[in-house]
Amino acid sequence: MSIDRRDFLKVATASAGLAVTGTPSDASAETGGTGPEPRRAPFVRSGQLPDVVVVGGGNFGLWTALNLQRQGRRVTVLDQYGAGNSKSASGGETRGVRSSYGGRETGLQWATWAIRAMQKWKEWDEEHSSETTPLYYETGDLIMREELEPSMEQSMANWDVLGHAYEVLTPEEVRYRWPMIHTPDIGAVMYEPSAGVVRARRAMESVARVFEREGGTIRIVKAAHGDAEGRSLRNVHLSDGEKLEAGLFVYAAGAWFHHFLPELLGRRYSARAVGHVYYFATPPGDESYRWPNCPSYGVPGCTGWPALPGDFRGFRIRTGGARSDDPDTSLRWVPEDRHARPREILSKYFPALADGIINETRACHYCMTVSRNFIIDTHPDLDNVWLAGGGQAEAFKQGPVLGEYIAGRIAGTETDEELNESFRLLEDEFEEGEQDLDFDA
């Protein structure tokens with residue numbers, strides 16, 4: 001939905017009590033001029049200043065910026081390293097796209113968005129990836145466990161509600177269809193045929209290119225929370241000394257969020273958990289472990305997928321990893337003393353790869369919130385600042401849908417109150433140790 005640029009800024013800053021021109025609102029006029037001087041609202045000056053500044057050029061930030069730009073806004077994205085960089089939570093080589101979210105309070109909502117995102121990733125490829133290898137590969141996804149778990153039952157119940165196709169398989173059927181997979185302790189399997197894998201880093205680079213092509217601006221610079229006047233933020237401070245003003249600000253700082261706003265998010269947001277990713281070489285001449293001959297998979301303690309064509313970085317396997325609170329200084333490769341765990345898992349389920357060469361490793365911060373859901377909410381003290389983040393290791397796949405939704409929230413066109421409330425920034429804080437939860441399930 002497209003709305004006039006001036007109307008957008010009025011809606012986005014309405015709670016500040018003033019229009020974008022800085023004149024008093026009707027509510028202020030009712031005082032007859034005898035009350036305290038009203039707060040000045042955010043406004044956009046003529047020239048090159050943006051309507052919206054987005055701090056963070058990752059999954060939340062870029063998709064939101066693109067959709068705001070398409071509403072007719074002047075949008076500037078600030079990122080200290082750039083789209084798809086190796087330090088960002090969205091900068092790994094690949095990310096899985098599935099909708100099996102049983103066992104979570106957010107399960108049905110996340111499943112709904114993930115299913116929509118699968119189609120949107122395909123549409124993005126059709127429109128923007130004609131000159132390169134695709135970003136999205138439909139692999140299908142196997143969830144394999146020793147016995148049928150409540151989370152699996154709930155996932156299938158969600159799929160029934162959504163009319164989403166899935167299959168319940170036996171271990172024998174798995175081995176027949178994919179002979180490279182072993183099932184020594186598996187008793188329950190469900191299969192989501194439309195699930196897939198996205199080339200993550202390349203996807204962020206692609207979104208950035210389209211955003212700039214459509215008139216958006218990306219600046220490689222470090223930003224800090226700026227100066228406020230009443231309940232309005234006037235600017236953000238840049239590492240080059242500039243104070244960049246705008247009418248509206250979106251903070252999408254990813255793994256840096258709790259450092260960016262330490263007083264607000266220090267105990268409500270965490271990026272301490274670091275997942276370890278390995279890309280194993282596949283046997284020369286054996287196509288079994290490459291797309292489209294092998295599905296993505298989830299077994300206890302691990303997820304992964306086949307090697308993708310084009311660069312064939314390898315057969316991907318992810319395990320739990322280390323702990324680090326600083327994304328600027330944490331290791332982004334996996335030391336050798338951690339390599340035994342993925343080999344142990346492969347020896348059970350993909351034994352032909354267990355003794356193979358590890359081509360590459362990656363380490364990625366996972367961003368968590370107290371609510372175990374995304375944060376998409378206004379700053380409690382600043383009416384023209386939106387917070388967007390807390391991916392729970394599940395947001396990347398939903399990026400194309402998330403960006404549309406966040407831009408709609410900002411523009412005032414997303415009116416589902418129950419849904420909007422589910423993304424609220426809670427006042428609750430993490431208990432000691434909660435921030436160290438693993439994502440091994």
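Bear in mind that the values in this text are calculations on the coordinates, not laboratory data. If you're wondering where the values come from, they're calculated on a predicted model, not measured in any experiment. In this analysis, Cβ positions are derived from the backbone assuming ideal geometry, glycine residues included, and neighbour counts consider all displayed protein chains.
Of the residues Ser206, Gly247, Ser129, the one whose Cα sits farthest toward the positive end of the charge dipole of the stretch 118-263, with +1 on the Cβ of Lys and Arg and -1 on the Cβ of Asp and Glu, is Gly247.
Calculate the dipole size of the chain relative to its Cα centre from +1 charges on Lys and Arg beta carbons and -1 charges on Asp and Glu beta carbons; express the result in debye to the nearest 20.
The calculation lands at about 1280 debye.
Calculated on the Cα set of the stretch 272-365, radius of gyration then Dmax: 13.3, 42 Å. Arranged from fewest to most other beta-carbon atoms within 10 Å of their beta carbon, Met204, Met156 become Met156, Met204. Residues of the stretch 193-212 with backbone nitrogen within less than 16 Å of a virtual label 7 Å along the Cα-to-Cβ line of His259, please, listed as ranges. Counting backbone N atoms under 16 Å from the label point, the list is empty. Enter the Cα centre distance for the pair the stretch 164-188 and the stretch 84-111, rounded to the nearest angstrom. Between the Cα centre of the stretch 164-188 and that of the stretch 84-111, the gap is 23 Å. Spatial offset of the stretch 339-385 relative to the stretch 212-287 amounts to 18 Å, using the alpha carbon center of each. Put simply, when 328-335, 373-380 are sorted by average Cβ atoms within 10 angstrom per residue, most first, you get 373-380, 328-335.
Students often check this: by mean Cβ neighbours within 10 Å, which of 393-405, 254-266 ranks highest, and how do the rest follow?
393-405, 254-266
Among beta bridges identified by DSSP and lying wholly in the chain, the antiparallel ones come to about 75 percent. A simple packing score, the average count of other Cβ atoms within 10 Å per residue, orders the peptides 345-353, 147-155 as 345-353, 147-155, with the highest score first.
Label-to-label distance, Arg424 versus Glu229, with points set 7 angstrom from Cα along the beta-carbon direction: 3.1 nm.
Which one of Leu238, Pro292, Ser90 has its Cα pushed farthest toward the positive end of the charge dipole of the chain, where Lys and Arg give +1 and Asp and Glu give -1 at the Cβ? So the residue we want is Leu238. So which residue, out of Gly163, Gly412, Gly215, gets the largest mean-square fluctuation from a GNM of the chain using Cα contacts under 10 Å as springs? Largest GNM mean-square fluctuation: Gly163. Our coupling estimate for the stretch 168-175, obtained by passing each phi through the Karplus curve with A = 6.51, B = -1.76, C = 1.60 and θ = phi - 60°, is 9, 10, 9, x, 5, 5, 4, 5 Hz, Gly and Pro reported as x. When each of Leu49, Leu425, Leu233 is scored by the number of other beta-carbon atoms lying within 10 Å, the sequence from fewest to most is Leu49, Leu425, Leu233.
What residue among Arg316, Arg202, Arg219 has the largest mean-square fluctuation in a Gaussian network model of the chain, using Cα springs under 10 Å? Per the Cα network of the chain with a 10 Å cutoff, Arg219 tops the list. Between Glu287 and Glu172, the modelled label-to-label distance comes to 2.9 nm, taking each label 7 Å out from Cα in the direction of the beta carbon.
Which whole-number percentage describes the relative contact order of the stretch 225-372, with Cα contacts under 8 Å and a sequence gap of 6 or more?
Over the stretch 225-372, the number comes to 27 percent.
Taking a point 7 Å out from the Cα of Asp185 in the direction of its Cβ, the residues of the stretch 115-149 whose backbone N falls within less than 17 Å of it are 143-149.
Once you have a ≥ b ≥ c as the square roots of the Cα gyration tensor eigenvalues for the stretch 86-245, tell me rounded if a/c is under 1.5, and otherwise prolate or oblate according to whether a/b is larger than b/c. Prolate, because a/c is 1.5 or more and a/b exceeds b/c.
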